[in-house]
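Here is the structure we will look at.
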Amino acid sequence: MLEYTLNAVSLLVGSALFSVMSENLAGRESFSLPFGNILLATIVGVALFPFWGWTSTLGVLGLYLAYSVFAGLAERSAS
């Protein structure tokens, strides 16, 4: 049970930090967190955890990191 809680917390914190990083890459001074994206990453990671363990957590966070970086850079270049 403790592993599931740690998994959920790490997914929440990691995806929130990646969202903040994306907003900084986009060059915004004020922003709001996209709770839908954070919640989606957390739900998918928690749902895959019983099958693949921490590998699924790293995979989901890796995909969310790539999405955050590319979205932030694309938004910055569009401005």
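Details
- Cβ pairs under 6 Å, 6+ apart, first in segment 59-74 and of a type in the set (S, T, N, Q), second open to solvent by less than 30 Å² (accessible area, probe 1.4 Å): Ser68/Ser22
- Selection count where residues are under 16 Å from Leu63 (Cα atoms), modelled with pLDDT under 95 and of a type in the set (Ser, Thr, Tyr), scope segment 20-50: 1
- Residue within segment 2-25 that is within 27 Å of Ser79 (Cα to Cα) and not in a helix (DSSP H, G or I) present: no
- For Leu40, the conditions (1) on the phi < 0 side of the Ramachandran plot; (2) in contact (Cβ under 8 Å) with a residue 40 or more places away in the chain are fulfilled apart from (2).
- Filter result for Leu61 (open to solvent by 40 Å² or more (accessible area, probe 1.4 Å) and either part of a helix (DSSP H, G or I) or modelled with pLDDT under 95 (or both)): no
The values are calculated or read from the model by the stated rules, or taken from the named source; none is laboratory data. No experiment lies behind these values; they were computed from the predicted model shown. Glycine gets a Cβ as well: all are built from the backbone with ideal geometry, and neighbour counts include every protein chain shown. Ligands, DNA and RNA are stripped out before the accessible areas are found, and what is left, the full protein with its side chains, is counted by its heavy atoms. Shrake-Rupley method; radii C 1.70, N 1.55, O 1.52, S 1.80 Å.
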